[in-house]
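Nothing in this text is a laboratory measurement; each read-out follows from the coordinates by a stated rule. Keep in mind the model is a prediction, meaning the values are calculated, not measured. Cβ sites come from the backbone with ideal geometry, for glycine too, and all protein chains shown count toward neighbours.
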Amino acid sequence: MSLTRDVDSRTDLDDVRRAAGGDTAAFERLYRAQLGRIHSLARRMVGEEDADDATQEIFIRAWNKLDTFRGDAAFGTWLHRLGINLLLGWRTSRGRDRERLRQDEVALDTAPARRPDTALRLDFESAIGRLPDGAREVFVLHDIEGFKHREIARMLGVTEGTTKAQLHRARMALRQYLER
Amino acid sequence: MTDPWTDRLSELVDGDLDAATAAAAEAHLTECAACAGIVADLRAVARRAQELRDREPVRDLWPGIAARVERHDAVTSLSRWKRLRKRRVVFSVPQLAAAGVALLAVSAGTVWLAIGGGGAPSPVPGTAPAVVVSAPPSLTLAGYEPAVRELELVLAEHRDRLDTATVRVIEASLATIDRAIAEAAAALEEDPANPYLTGHLATAMRRKLDVLQQAAALAATSS
């Protein structure tokens, strides 16, 4: 397992070097290897509708910044972090701002307390996509991506109290959509 | 009606409560079935989140990425080329300074010439006055060679995008111009003050830059 990861890492590093020199075939290999992870991240962070565009933007930005990749971390880790930074600015770059974080609280507070009708139930992943933007970001970063509240608060420019509250409300909303 | 513990239950699940508060919360759970049920749900949500599998998009996004990556490269090369076009270069070699009039005559409306002020860089005291030829593209001995080298680099990077017939025409043109430059430079060694030779050299140099600029732009924007 670890050996496989080391080999993957070396292969990635070779491809990063080639890609940084303008080799688009090497960059395509990196893209294919990371596509599922990055697209899933994008889909969960900005929603199904924008996921393809956001994924493309992440890879374009990575291509433009390849010369800054120093190999301290695995390429996948570097790309993932670059992706999160871009996705966090996605709403802002489209005219929406952090005010939504506060509005989300209202939206979640008014979410139905009962479990929805079985026929109308969404699968869990789709339900994440239906969360308000701020709660979705915190939930994805904390429960799926494994960041700590302190890190998320720094990324979002809010307090830890806010991220904890958003996470709790997201979980409370999502528990209705657990497949049982 | 709202249980005061409800809003702290995610923190309990995540181990974010201090020891005393966590102990109090756990004690509450033994008495409150509703909160105990919520805690079980919250744990299940967090566990479910960890189990999510990545999936790829329905359509392949690579063609769009590849097109933009290649366009970005072309734009980068083109930007470099445009920067070169705006570059001001200074003739500081005395014989060329002396031949400024010839340069003006040869350039005939496409190149303007200034000696000293009027927006031109001030000559270094004690040296021959600098002759500034400013027009896109501009010429100077100091900047000419780097400009040529950079354009040749851009052209080389994208040379494979041009068809062989075009490459042959470009190479033939450059070879002809290089011969003209070499002949004019050799003649100027014999007669440094000759205004005709100076003008001829300037024209040939300018022509070489023109050909390189056009070829580099063509290569950079070809697919």
Phi-derived 3J(HN,Hα) across the stretch A:28-40 with the Karplus relation (6.51, -1.76, 1.60, θ = phi - 60°), rounded Hz, x for Gly and Pro, is 5, 4, 4, 4, 4, 5, 9, 4, x, 5, 5, 5, 5
Here, GluC sites (Glu not before Pro) of the stretch A:130-180 satisfying both criteria (DSSP loop; at most 11 other Cβ within 10 Å) are A:GLU179
Expressed as a whole number, the average count of other chain Cβ atoms within 10 Å around the Cβ atoms of A:165-172 is 6
To the nearest 0.05, the calculated FRET efficiency linking B:VAL167 and A:THR77 through their beta-carbon distance, R0 being 56 Å, is 0.80
Simple SL model, points at 7 angstrom along Cα→Cβ for B:GLU26 and B:TYR196; separation in nm is 10.5 nm
For the stretch B:1-72, the dipole about the Cα centre with charges only on Cβ (Lys and Arg +1, Asp and Glu -1), to the nearest 20 debye, works out at 580 debye
Two pseudo-spin positions, 7 Å from Cα along C-beta at B:ASP16 and at A:ARG154, lie apart in nanometres by 1.6 nm
Between A:ALA33 and B:LEU218, the FRET efficiency computed from the C-beta separation at R0 = 35 Å comes out, to the nearest 0.05, as 0.50
For B:LYS208, counting only aspartates and glutamates whose alpha-carbon sits under 20 Å away and dropping same-chain residues fewer than eight positions off, the answer is B:GLU145, B:GLU150, B:GLU152, B:GLU157, B:GLU171, B:ASP178, B:GLU183
Per the stretch B:145-223, sqrt(5λ) over the Cα gyration tensor eigenvalues, sorted largest first, in Å, gives 29, 11, 9
As straight-line cross-link partners of A:LYS148, the qualifying aspartates and glutamates (C-alpha separation under 17 Å, not fewer than 8 residues apart within one chain) are A:GLU137, A:GLU160, B:GLU11, B:ASP14, B:ASP16, B:ASP18
The long-range amide H neighbours of B:ARG55, using H built 1.01 Å from N in the peptide plane and a cut-off of under 5 Å, are A:SER40
Taking the alpha-carbon centre of each part, the distance from the stretch A:46-67 to the stretch B:147-223 in Å is 41 Å
Output row, site A:ASP14, 7 Å Cα→C-beta label point, backbone N cut-off 20 Å, window the stretch A:20-37, residues A:20-35
